[in-house]
Structure formats: C-alpha cells, structure tokens
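The values are calculated or read from the model by the stated rules, or taken from the named source; none is laboratory data. Everything numeric in this text was worked out from a predicted model, so none of it was measured. As a convention, Cβ positions derive from the backbone with ideal geometry for all residues, glycine included, and neighbour counts pool all protein chains shown.
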Amino acid sequence: MKKLLRILMVVAVCFVAVACNQKIKLPEPVLNTDLQGTINRLNKTSFDSTEVDSFYLKYPELNEYSGNVKKIYHEQLYHHIWFDENGVVEFANSLFSKVKGIASEGVYQRFPYMVEMDGIFESDMENTFSQAETEIMITNMFLFYAEKVYRGVDDKTAAALEWLLPKKQVSYENELDSMFINADLLTRNDSVLFSQYYKLRDVLKHYRDIQKSGGWDTIAIVPKIKVYKLGDSAISIAQIRDRLIKTGDIAQNNGSNVFDEELLVGVNKFQVRNGKKETKTITLQLIKLMNVPVSEHIKKIVVNMERWRWIAPEMANASEYIFVNIPSYTLVFNRDGQRVYESPVVVGKSMSKTVVFSGNMSFVVFSPYWNVPPSILKNEILPGIKKDKNYLAKHNMEWNNGQVRQKPGKGNSLGKVKFIFPNSNNIYLHDSPAKSHFGKDSRAMSHGCVRVGKPRDLAIEVLKNDPDWTLGKIDAAMNSGTEKWVQLKKKIPVHIGYFTAWVNDSGEFYFYEDVYELDDRLYDILLGIEDLTEE
C-alpha cells in the first residue's frame, strides 16, 4: 500500500516538473482502485481522529492494537474503511465469521468484546457502538485475526523458545489491502503462510472430528506379554485394529483377534508415521504409543501450526536450500522446487542441543581435522590424558596451538567431509564414522552438530554445478587423508528447524518425538498459561 502511494507521489511530481518546463497542463493522476483494492480511499466520509483515543479509553483490552490502527487511519486520512453507501461492507461479515471460528486455525484466544460485536453483524441484535466505534472495532478485529493467524507470538517469545530462524514480519496494511481485493485470502493466503500450515490445519480438523466422536479406546496392556508376533491371538489385537482404523492406517476392520499380514501393514504404516522403523512385531512400547490420547496429537498439531506462522514463505522460493528437521532426524536438499536429496541425520542430545537457526553454506572441507571444542577437551580429553599418557596418539590426535585436534583419516569424528555455514553457534554438517547410529529410531546423540548419513551424496549434490569437482575428484579428496577446503561458488541457504508434526505431499501426516521437550512450553504460551516476555 505505502509503496504504491509513494510511486504515485513520484509520478505526480514528475508530471509537475514536465508541466513547469514545457508549460503544458497535464491531467491529475488517478488512483488505480483495481490495484489498491476496494478500501474506500476515494470515499469522502470520514470521522474525527480524536475518536481513536476515545475508543481505547472505552475498550482498553484492545490497546495493543492502537499503534497499528492509528497508522492505518492516518494513511487513509481517517476515511471509513468498513462502510459504503449500503452500510458495513460484505468483507467485514466474512472477517467476522473467520474470527468467530478462529479455533479452526489452532488459536485459543477469543477477540475481546465478541458479544458486543454480534450487534454489528447479527440482524436480530442491536448494535450498541457508534458508527466511528463500529469502524474502529472492525479494524481491531482484523488486526487481532492477522496477528494471531499470520504472525503468531512476538519475536522475544520465539527467541526464548530457542527459535533463532529469521522470524517473518507482516505488513498489516498490505494484508488488509489484499483481502479487500480478494476475500478468499481469508481462507488461504500463500503469501504469508506456508502450504504446510494449511495441511496441518486440515489434519487439525480431522483429529478434532475424531475427538468429538469419542477419540479412541485404550488398548489393553498385558504385562506378561512383551511382544505380539504374526499369528498371535489376543483381545488387544482387535483393539489395535479399532485404533488404526481411526487414523486411517488400515482401510477396513475385519474384526479378527489374530495378528495377520493385513494388520502388520497397518502397524508399520503407523510406526513410520510416528518416526519409528518398521518391524514384524507389536511391542508394549508400540501399544503405549498408540494409547497416546487424541488430545496430545491435537496439541502437537497446534504448536507446529504456530511455528509455521513464524517463517516467511519466501524461504522456499530460493533456487536451492537445505532443510534439517531436528525431531524427524532428516535432511533434505531442494533445488528448483524439487527434492533432489534426502538423508537421515544425527542431532544434538538434550544437553547439547542443535540450534534452530539459518546460515549459508560457504565451504566443503574434505578429509577434515576435528578441532576439539573446549567443553569436550575439558570433560573428555584431558581426563583421558590424565589416565593414559598415550591417549592422544591412540585417538589420532595432536596438540595444535594450545588446542587438541584429531587428524584426518579413519576414525576421525567428522568422518571424511564436513560442510560449513559460518555461525556463532559453531554448528555444521559432517560425516561420521559411527554409521550404526543412523539406523536408530532416536538419533539425538551428538554434541550439537548435525551428522549426515549420506555425506558423499551430499557433497556430490552441493558441488553438482562446479565442473572442477567430478565424482572421481570428490572421492579422492574424501579419502586423501589431507585436509582440503573448497569454497562454494554460490552459497547455499541452510535452515535448521523444529517441527514435531508434518504432512507430506500425499497428505499423510507424521508425528515425531519432542526430543528437546519444547512443545508443552509453547502450548502453555498459546493457552496464555506462561508468558516468556516477563523473564
């Protein structure tokens, strides 16, 4: 909105300059209402600016929106936005409906003075607001909706939740303008929210429908039976069938108490969707996972919808980028809108968490040294040296300028290659000699960096457009035993995120372990139980 008005002003000045030089009277510039929307910019009906301050004295619960309201109306010269010759515009009614049903967006707060708002939009109720109050109240309602649905918690709260990815900023004026052009943006606005948000919103509705129908019954646990195998018969087997029907992991229920192949397919689908490996048995741990109540899944969906509010959709428009999702222990590389690479990863354990942030990959280092971090030197290396004077030699390590480093070669903790995106957290991607770790369900076991399960393939993909790095040259550098730094000709964005609920392109939904126990805290904030801004 502001950008367009500035352009119009510049055009007008240019017209005046030409007229002065050539003494030609040019026509007045005309506002393009198709571009600007149907806000009543050209409507001469206005209200007294002092009405805004009076409004917030009368309705103090909305005071947090006063700054943006004053900004909007100052730009509109205090003309009415929400009225035309027929009264309140239709778009206001659509907005009111969305705010009344805001719970469908995973938002638990209600707009203050909602009962009084009914008088504006319900034909059988009296509007107790003055016209100016009605005007300002609807603008506050829009700001409430935009803030809760498009922006989410404030930047300070997100940072206190250990979220250091860039948090998007929302222009409320631009969004208001866009919605007057196209009211459908109230239902879906891809310019401000990722498609993943809308996929989760559909899953939220599905799980709330399950909850309304009574959820799912608890599957009986028989302590003496540690595992069910194919062919076993038990009442619990029939209960498992009922459970998997609820979430669509099996298409039909044959009512059998026997653990058959049909049920095994559903069990494994459930396991994969919950971040577990496929098996041929049903364990007590698996039954406990199935017994997690639907309310817990709803909580997980809601907090992940909130996290997606924080990210600008433009992030996915980069020609290429790498994304690591900590709870799912996966890394993906996207190029030109297509996934070209995927790998399991190992992330930081709870005492040395992998940081949620963004950086730009600038270097690939083949056959790297591992410079031992001070904390590991103090807690592991020095005690080892004290017990065994040959500790460094046995671990292929050496002193280097007062620090300890591990030399390139077999057994190096960074493996054969590392990928650097400079950052203050000293986090990077790297190979690992501990290949067995990538087969585990839970892979939070590093000191903070991200270990990559398929590092050679990642190096090939990262250097794909560099003709100097053929497959043979990459393999030779990885196995040379001599450290080799390669500066990328084009930096690659790397984003490390934290999402415990996910929907893939086929509509299948996944739930992952809350490895750093961040979900409950965020959920309490969304409910208004906890306020991190006061810490």
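Out of 363, 333, report the one residue that is surrounded by fewer than 19 Cβ atoms within 10 Å (Cβ to Cβ), within 24 Å of residue 458 (Cα to Cα) and at pLDDT 95 or above. Give the derivation first.
Details: 333 fails: surrounded by fewer than 19 Cβ atoms within 10 Å (Cβ to Cβ).
Answer to the selection: 363.
Where strands (runs of 3 or more DSSP E) fall wholly inside the range 388-502, the ranges with 1 or more residues that are without any contact (Cβ under 8 Å) to a residue 60 or more places away in the chain, in the same structural domain as residue 372 (by TED's automatic domain parsing) and more than 30 Å from residue 276 (Cβ to Cβ) are 397-400, 403-406, 417-420, 484-497.
Screening residue 524 on (1) part of a helix (DSSP H, G or I); (2) free of Cβ contacts under 8 Å to residues at least 24 places away in the same chain; (3) in the same structural domain as residue 409 (by TED's automatic domain parsing) shows it passes everything except condition (3). Within the range 436-450, the residues that satisfy the criterion of being touching a Gly at 6+ places or on another chain (Cβ under 7 Å) and surrounded by 13 or more Cβ atoms within 10 Å (Cβ to Cβ) are 438, 444, 446, 447, 448. The set of residues in the range 185-202 being more than 14 Å from the chain's Cα centre (by Cα) and either within 13 Å of residue 106 (Cβ to Cβ) or part of a helix (DSSP H, G or I) (or both) consists of 185, 186, 202. Scan the range 500-507 and tell me whether some residue there is surrounded by 14 or more Cβ atoms within 10 Å (Cβ to Cβ), within 22 Å of the chain's Cα centre (by Cα) and not β-branched (Val, Ile, Thr). Yes, the conditions are met somewhere in the range 500-507. For the range 36-94, filtered to residues that are over 21 Å from residue 117 (Cβ atoms) and β-branched (Val, Ile, Thr), the residue that is modelled with the highest pLDDT is 50. Among residues of the range 77-119 being among the aliphatic types (A, V, I, L, M) and part of a loop (DSSP other than H, G, I, E, B), the one that is nearest to residue 528 (Cα to Cα) is 107. Just one of (1) more than 28 Å from the chain's Cα centre (by Cα); (2) on the phi < 0 side of the Ramachandran plot fails for residue 205. It is (1). Here residue 115 passes the criteria (1) aliphatic (A, V, I, L, M); (2) under 19 Å from residue 193 (Cα atoms); (3) out of contact with any helix residue (DSSP H, G or I) (no Cβ under 9 Å at 6 or more places or on another chain) except the one numbered (2). Right, residue 229: modelled with pLDDT of 95 or more, within 21 Å of residue 294 (Cβ to Cβ), surrounded by fewer than 18 Cβ atoms within 10 Å (Cβ to Cβ) and not acidic (Asp, Glu) or not? The answer is no for residue 229.
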